[in-house]
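Peer 1: Below you'll find the structure I mean.
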Amino acid sequence: MSAINCAELAALVIDDHMIIRQVLEQNLRDMGFTQIETASNYQEAQGKMKSKRYDIVFVDWILPGKSGYSLMQEYRQEREYDEVAFVMVTTETDERHMIEALKAGATSYIMKPVTPNAFKDKVAKVLEWIVKKKQPRATAG
């Protein structure tokens, strides 16, 4: 799959639907992730992101109150989140939304309903992105 140990990565799943959070969490566990937290809205996600460093954040576009798209845009403005992978997981199937999300800094875009195979394929590509982002650190010196 990838030259990265998923158990070493911290993941945050942000979605207002409990079943979606559970499905994504189970898919991540099946891939070897052990450090998985969830949030059901923008405020809860913001609190978690202020207190912990995540390697990969799965965020629903539509959340109660402020959108997941807005959350991603805000964090992409801060340099300390340059190496954090943001994955939009959404029912927004319009190509315009996908382009907007990728321009705003999404590492990947997954459309609901999420199938385990498609999810794992997308996450494998995101893991490759994470490996590439971490490489310059290892070679510096």
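Every read-out reported here was derived from the displayed coordinates using simple, explicitly stated rules and does not represent laboratory data. Predicted model, so just to flag it, every value in this text is computed and none were measured. All Cβ positions, even for glycine, are placed from backbone atoms using ideal geometry, and neighbour counts span all protein chains on display.
Peer 1: For the range 6-132, take N as its residue count and report Rg(C-alpha) divided by 2.2 N^0.38 Å. Mind showing how you got there, number by number?
Peer 2: On the way: Rg = 13.0 Å, N = 127, 2.2 N^0.38 = 13.9 Å.
Normalised by 2.2 N^0.38 Å, the Cα Rg of the range 6-132 equals 0.94.
Peer 1: Starting with the fewest neighbours, write out K120, K112 ranked by other beta-carbon atoms found within 10 Å of each beta-carbon. Walk me through the intermediate numbers first.
Peer 2: Numbers: K120 14, K112 17.
So the ranking, lowest neighbour count to highest, is K120, K112.
Peer 1: Starting from the amide H of V89, placed 1.01 Å from N in the peptide plane, find each other amide H under 5 Å away whose residue is 5 or more places distant or on another chain.
Peer 2: V59, D60, W61, I110
Peer 1: Here is the link list: K66/K133; K52/K134; K66/K103; K50/K120. Which ones come out longer than 23 Å on Cα distance? Write down the numbers at each step before the final one.
Peer 2: Values: K66/K133 29 Å; K52/K134 18 Å; K66/K103 19 Å; K50/K120 27 Å.
Over 23 Å apart, Cα to Cα: K66/K133; K50/K120.
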